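Engineer: A single structure is presented below for examination.
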Amino acid sequence: MSGHAPIPYTTEPRADTGVSNVTMGFWLFIASEVMLFGALFSSYALLRVSAEDWPVGREVLHLGLGSINTMVLVWVLVLMSRTRRARVGHYRPLVLAASALALVFLAMKGFEYRTEWVEGVRPATNTFFAMYFTLTGLHALHVVGGLIANMWILAGASSVGEAMTRGRLQAVTRYWAFVDLVWLTIFVGLYLL
Amino acid sequence: MRIFSTDHKVVGLQYGWTSLTFLLLGFLLILLIRWQLAWPADPLPLGGLLGAGNAPGGFMLPEFYNQLGAMHGTIMVFLAVVPLAVGAFGNYLIPLMIGAPDMAFPRLNMLSYWIYLMAGLVMLASFFLPGGAANSGWTAYPPLSILATSGQTAWLVGMFLLIVSSLFASINIIVTILQLRAPGMTMMTLPFFVWSQLVTSFLLLLAFPPLQAAAILQLMDRLAGTSFFLPSGLVVSGQALAVSGGGSPILWQHLFWFLAHPEVYVLILPAFGIVAEVITTSTRKPLWGYRGMVGAALFMGFMSFLVWAHHMFLTGMGPTMSAFFQVTTMIISVPSVIILSSLVLSLHGGSIRFTVPALFALAFLPMFGIGGLTGLPLGLAASDIPLHDTYYVIGHFHYIVAPGTLFALFAGIYHWFPRISGRLLDERLGRWHFWGSLITMNLIFMPMFAQGLAGLNRRLFDGGRTYAASAGFEFTYELQAWAAVALGLVQLFFIVNLILTLRKPRTAPDNPWQSTTREWQGRS
Ligand code: HEM
Ligand SMILES: [Cu+2]
């Protein structure tokens, strides 16, 4: 770092905007993510309405696996949001448990892909599966991102102090909420409708 | 100066030097094109150096011509002008103008530069792939782009990286402006330059992700054999394509222009900001109608998300859609007019000092005016249908981006150079640079309107010599080629000026233009 004054409002809110830099930056990031997935979901809708025939998601996808995974992901968020009220130092097992569940999600998703692969389904099979693999794959990458963020917070907790860690936990919890929301949209749009 | 620095000035300068290098590269590509268009039947001088795969015996192959066209557009828009306008000017000046110690997230800032550089290197490296660089236009329309050689994959990867870089930069700029303003500096006392960067960053933040989504889908089409953008029953070289089909090429155009129309305001807003600062300094008067200009910039930013399909009037959209986009396009020209008028009115009654930055800023006004006015017929479907994909469109946006935005950027460089380096650039060389660029650019771009009105298509590697429409235009092509060579030569005045000045001692006064904005008060 160069020798200038420290950056103000990094974690403490600024009076006239009411938020800290990290919080504002986080929401801007989410706004761009909404545009990213928004564009993908709109493409999905556009391709679907203009298609002559379109497979029924519940018939061609593994609805059971998808439903269990939905529950798993909801629990990740539940555990993460519990960290908010956990006493000093007690968020650690919660974050670890949530991360373990996120791993379960990825493992089940991998199993689902494998099953589909064995059944001979590929992204190139038709536009429905093209969309399915693209959306779920991109979403899975976001789960991996969340996992990395969880680990990064735990690893840094002792060096950055309690207030900073709490701020980071809050941001990453919101991120998980976004990841859940994207999944729910995928689940409804692809598996159910 | 550390190479991996998080200091906003260092990052700003890194963006500056890199984007100027890309500007030169992008120019050299188009110089080849202008020569080719003037004398398509002759070998290019030194054409042998391009390699037998691109120009055997010096004769340019159409395939190579297409690469030059696609990469010129890509480099100029994404790697030269926007990084210079936002990455360089924004990073260097915003913290100084608002009294902030640095950008809000210095490490993210550094990262955004390095990812941008990586994106640029990927794009350049793609020239050496089999089949060369991307060759489906800077707009990368499918199905062409999906069937294209592997350079297109590199293009998509490059764009993906660039969008990540632009995401980091735009978050940083928005948070810096909103959060790190000096105490007591309210939003309505921000310099107009800072406002222009704020609106620009919102456009980058919200418009780029849909292109990223589109790039992902196109990558899937190219690498995983999907058909997002491939229709059913596509026949290529007499063979039905073995894909599932069912996709929509038009979908790509929607996603692309949803980004790329806001992108044109990304190209122009920072220019407005720079011109506003240079003009107020040269006339020693405050801006006329500051509030109106801020309002216009915000309205323009918002509206720019609602006009994209005016690039697609020929795709067979229904009259309702077409009417909607014609109306929004007419509406969005209003804020441009407000800003341009305010800038002109700001000159009124001032005693203008015709310094080099002032000359560039003043020339910006009529040049942007020509670009904007020629846009109106394009915004109405009836007149756009014959003009679409002709040289008229190229003339329209080059007036805005070249003697428009680029002139504003030059004005900014001459204006802030003493603030950055402690040295004033030479005025005499600067004048040669200015008049030379102004004259040659007009000689290059003005004939395009006539060519376009005559119906000359913008994408033909022989300039459309086999079509009747080209009859009588040979001399304009030759004029444009010589003017392009001359434009290149007068840039030497600028380059030499930079080199000579940087070797002189730092003798510039602290505030050589007696400017009143914060970045000139007190040195750090
Ligand atoms: C002021 C009002 C403006 C209007 C009404 C307008 C209208 C249009 C229209 C309708 C087109 C599509 C033409 C076609 O392809 O048939 C077009 C193309 C274009 N405009 Fe503008 N424009 C305006 C300002 C700008 C500005 C400020 C920029 C900024 C740089 C710009 C950059 C472009 C570019 C880059 C293209 C061509 C893209 C391509 O096809 O490669 N325009 N304009
Ligand atoms: Cu447009």
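The values are calculated or read from the model by the stated rules, or taken from the named source; none is laboratory data. If you're wondering where the values come from, they're calculated on a predicted model, not measured in any experiment. A quick note on method: Cβ atoms are made from the backbone with ideal geometry, for glycine too, and the neighbour counts reach across all protein chains shown. The area values use the complete protein model at the heavy-atom level, side chains included, leaving out ligands, DNA and RNA. Shrake-Rupley method; radii C 1.70, N 1.55, O 1.52, S 1.80 Å.
Engineer: Using a 1.4 Å probe on the protein heavy atoms, what percent of the accessible area of chain B belongs to carbon and sulfur?
Structural biologist: Details: 13860 of 19090 Å².
With neighbouring chains kept in place, the figure for chain B is 73 percent.
Engineer: HN-Hα J couplings of the range B:100-106 from phi, Karplus 6.51/-1.76/1.60, θ = phi - 60°, integer Hz, Gly and Pro as x?
Structural biologist: 9, x, 5, 6, 5, 10, x
Engineer: Within 10 Å of each Cβ in B:205-217, how many Cβ atoms from other chains are there, averaged over the peptide? If you can, show how the numbers build up before the last one.
Structural biologist: Numbers: counts 5, 6, 2, 3, 10, 8, 3, 5, 11, 3, 0, 7, 7.
Average per residue, whole number: 5.
Engineer: Mind putting a number on the dipole of the protein assembly as shown about its Cα centre? Charges go on the C-beta only, +1 for Lys and Arg and -1 for Asp and Glu, and I need it in Debye to the nearest 20.
Structural biologist: Working: 36 positive and 27 negative charges, 427 e Å.
Dipole magnitude for the protein assembly as shown comes out near 2040 debye.
Engineer: On the principal axes of its Cα set, how long, how wide and how thick is chain A? Give whole Å, largest value first.
Structural biologist: 61, 34, 29
Engineer: Would you mind calculating the relative contact order of chain A from Cα pairs under 8 angstrom and at least 6 residues apart, reporting the percent as a whole number? If you can, show how the numbers build up before the last one.
Structural biologist: Working: 135 pairs, mean separation 52.2, N = 193.
Over chain A, the number comes to 27 percent.
Engineer: Quickly work out the A:Ala86-to-A:Ala155 label distance, labels modelled 7 Å from Cα along the C-beta direction, and quote it in nm with one decimal.
Structural biologist: It works out to 1.8 nm between the two label points.
Engineer: Further, regarding this structure: So how far apart, in nm, are the two label points at A:Arg122 and B:Leu502 if each is 7 Å from Cα heading toward Cβ?
Structural biologist: Placing both labels 7 Å along Cα→Cβ, they lie 5.2 nm apart.
Engineer: Of B:Val278, B:Leu502, A:Pro6, whose Cα points farthest to the positive end of the dipole of the protein assembly as shown (charges on the beta-carbon: +1 Lys, Arg; -1 Asp, Glu; origin at the Cα centre)?
Structural biologist: About the Cα centre, the residue reaching furthest to the positive side is A:Pro6.
Engineer: Using the Karplus curve 6.51 cos²θ - 1.76 cosθ + 1.60 with θ = phi - 60°, work out ³J(HN,Hα) for each residue of the range B:458-472 in order, rounded to whole Hz, and write x for Gly and Pro.
Structural biologist: Coupling constants for the range B:458-472: 7, 10, 8, 6, 9, x, x, 4, 7, 9, 4, 4, 7, 4, x Hz.
Engineer: Cα centroid distance between the range A:85-101 and the range B:310-378, in Å?
Structural biologist: 56
Engineer: Kindly report the accessible area of the range A:1-60 per residue (heavy atoms of protein chains, probe 1.4 Å, no ligands, DNA or RNA), in Å².
Structural biologist: Numbers: 3280 Å² over 60 residues.
On a per-residue basis, the range A:1-60 sits at 55 Å².
Engineer: Rule-of-thumb check for the range B:145-217: C-alpha Rg over 2.2 N^0.38 Å? All intermediate terms of the calculation are to be shown ahead of the outcome.
Structural biologist: Numbers: Rg = 16.7 Å, N = 73, 2.2 N^0.38 = 11.2 Å.
Compactness ratio reported: 1.48.
Engineer: Next up: Have a look at A:Tyr175, A:Thr125, A:Ser67 and report the one farthest towards the positive end of the charge dipole of the range A:21-192, computed about the Cα centre with Cβ charges (Lys/Arg +1, Asp/Glu -1).
Structural biologist: A:Tyr175
Engineer: Would you kindly compute the Cα radius of gyration of the range B:331-371 and its largest Cα-Cα separation (Dmax), both in Å?
Structural biologist: Final numbers for Rg and Dmax: 11.3, 35 Å.
Engineer: Just to confirm a number: summing +1 for Lys and Arg and -1 for Asp and Glu over residues other than B:Trp416 whose beta-carbon lies under 11 angstrom from that of B:Trp416, what do you get?
Structural biologist: Values: positive: B:Arg419; negative: B:Glu277, B:Glu519.
So the surrounding residues net to -1.
Engineer: Provide the FRET efficiency to the nearest 0.05 for the A:Arg58-B:Leu223 pair, computing r from the beta carbons and using R0 = 25 Å. If you can, show how the numbers build up before the last one.
Structural biologist: Numbers: r = 29 Å, r/R0 = 1.16.
For A:Arg58 and B:Leu223, the calculated efficiency is 0.30.
Engineer: Which value, in Å³ per residue, describes the convex hull spanned by the Cα atoms of chain B?
Structural biologist: Values: hull volume 79.2 nm³, N = 524.
About 151 Å³ per residue, rounded to a whole number.
Engineer: Please state, to two decimals, what the Cα-based radius of gyration of the range B:1-182 comes to when divided by 2.2 N^0.38 Å (N = residues). Kindly include the intermediate steps, with their values, before the conclusion.
Structural biologist: Values: Rg = 18.8 Å, N = 182, 2.2 N^0.38 = 15.9 Å.
That works out to 1.18 for the range B:1-182.
Engineer: Continuing with this model, one more query. Report which residues of the range A:95-143 become buried by 30 Å² or more of accessible surface when going from the isolated chain to the complete set of protein chains (1.4 Å probe; DNA, RNA and ligands ignored).
Structural biologist: So the qualifying set is A:Pro123, A:Ala124, A:Thr127, A:Ala130, A:Thr134.
Engineer: Taking a ≥ b ≥ c as the square roots of the eigenvalues of the Cα gyration tensor of the range B:27-66, is the shape rounded (a/c under 1.5), prolate (a/b larger than b/c) or oblate? Don't skip to the answer; put the middle values down first.
Structural biologist: Numbers: a/c = 1.40, a/b = 1.25, b/c = 1.12.
The shape class here is rounded.
Engineer: So, in Å, what gap is there between the alpha-carbon centers of the range B:120-168 and the range B:1-22?
Structural biologist: First find each Cα centre; the distance between them is then 24 Å.
Engineer: Any chance you could run the full-extension gain for B:Ile420 through B:Leu460? It's 0.36 nm times the residue separation minus the Cα-Cα distance, nm to one decimal. Intermediate values should be presented prior to the final figure.
Structural biologist: On the way: separation 40, 0.36 × 40 = 14.40 nm, distance 4.36 nm.
So the chain would gain 10.0 nm between B:Ile420 and B:Leu460.
Engineer: Leaving ligands, DNA and RNA out of it, rank B:Phe305, B:Phe494 by accessible area with a 1.4 Å probe, largest first.
Structural biologist: On the way: B:Phe305 35, B:Phe494 15 Å².
Descending accessible area places them as B:Phe305, B:Phe494.
Engineer: Which shape class applies to the range A:26-97: rounded if a/c is under 1.5, otherwise prolate when a/b exceeds b/c and oblate if not, where a ≥ b ≥ c are the square roots of the Cα gyration tensor eigenvalues? Before the final figure, lay out the partial values.
Structural biologist: Working: a/c = 6.02, a/b = 1.76, b/c = 3.42.
Verdict is oblate for the range A:26-97.
Engineer: Find which of B:Leu453, B:Gly422, B:Ile385 sits farthest along the positive direction of the dipole of chain B, computed with +1 on the beta-carbon of Lys and Arg, -1 on that of Asp and Glu, about the Cα centre.
Structural biologist: With unit charges placed on the Cβ atoms, the residue in question is B:Gly422.
Engineer: Here's something else I'd like to know. Could you tell me the extents of the range B:328-467's C-alpha atoms along the three principal axes, largest first, rounded to whole Å?
Structural biologist: Principal-axis extents of the range B:328-467 (Cα, largest first): 54, 36, 24 Å.
Engineer: For the range B:62-116, treating each Cα as an identical point scatterer without solvent, what Debye log10 I(q)/I(0) comes out at q = 0.13, 0.19, 0.28 1/Å?
Structural biologist: -0.46, -0.72, -1.07
Engineer: Shifting gears a bit: What would the Debye equation give as log₁₀ I(q)/I(0) for the protein assembly as shown at q = 0.05, 0.06, 0.10, 0.11 Å⁻¹, counting only Cα atoms as equal point scatterers?
Structural biologist: -0.26, -0.38, -1.06, -1.27
Engineer: On to the next question. Under 26 Å from the Cα of B:Lys504, which lysines turn up, not counting those fewer than eight places away in the same chain?
Structural biologist: B:Lys9
Engineer: Using only alpha carbon pairs under 8 Å that are at least six residues apart, calculate the relative contact order of chain B and give it in whole percent. Kindly include the intermediate steps, with their values, before the conclusion.
Structural biologist: On the way: 826 pairs, mean separation 73.5, N = 524.
It rounds to 14 percent for chain B.
Engineer: Report the A-B buried area as the accessible area lost on both sides summed, probe 1.4 Å, in Å² to the nearest 100. Spell out each step's value before the answer.
Structural biologist: Working: alone 10880 and 20590 Å², together 28420 Å².
Interface between A and B: roughly 3100 Å².
Engineer: Considering the zone a paramagnetic label at B:Phe324 would reach in this model (a point 7 Å from Cα along the Cα-to-Cβ line), which residues of the range B:291-309 have amide N under 11 Å from it?
Structural biologist: B:306-309
Engineer: Here is a further query. Going from most exposed to least, what order do B:Arg458, B:Arg518, A:Arg166 have by accessible area with a 1.4 Å probe?
Structural biologist: On the way: B:Arg458 45, B:Arg518 115, A:Arg166 65 Å².
Result of the area sort, largest leading: B:Arg518, A:Arg166, B:Arg458.
Engineer: The range A:9-32: which residues show an accessible-area loss of 40 Å² or more, assembly versus chain alone, 1.4 Å probe?
Structural biologist: A:Arg14, A:Asn21, A:Met24, A:Leu28, A:Ser32
Engineer: Right, here's the next one. Which value, in Å³ per residue, describes the convex hull spanned by the Cα atoms of the range B:258-372? Walk me through the numbers before you get to the answer.
Structural biologist: Details: hull volume 10.8 nm³, N = 115.
Convex hull of Cα atoms, per residue: 94 Å³.
Engineer: Kindly give the semi-axes, whole Å and largest first, of the ellipsoid equivalent to the range A:82-160, taking each as the square root of 5 times a Cα gyration tensor eigenvalue.
Structural biologist: Working: eigenvalues 244, 28, 17 Å².
In descending order, the three semi-axes are 35, 12, 9 Å.
Engineer: Magnitude of the Cβ-charge dipole of the range B:1-182, K/R +1 and D/E -1, about the Cα centre, nearest 20 debye? Numbers along the way, then the final one.
Structural biologist: On the way: 5 positive and 4 negative charges, 75 e Å.
Its charge dipole is roughly 360 debye.
Engineer: Treating each Cα of the range A:107-149 as an identical point scatterer and ignoring solvent, apply the Debye formula and state log10 I(q)/I(0) at q = 0.25 Å⁻¹.
Structural biologist: Cα-only, vacuum Debye calculation for the range A:107-149: -0.88.
Engineer: Could you check how much of the accessible area of the range A:54-120 is carbon and sulfur, as a whole percent, using a 1.4 Å probe? List each step's numbers first, then the result.
Structural biologist: Details: 2580 of 3860 Å².
Reported share for carbon and sulfur atoms: 67 percent.
Engineer: Where only protein heavy atoms count, and the probe is 1.4 Å, what is the accessible area per residue for the range B:275-409 in Å²?
Structural biologist: On the way: 4980 Å² over 135 residues.
Value for the range B:275-409: 37 Å² per residue.
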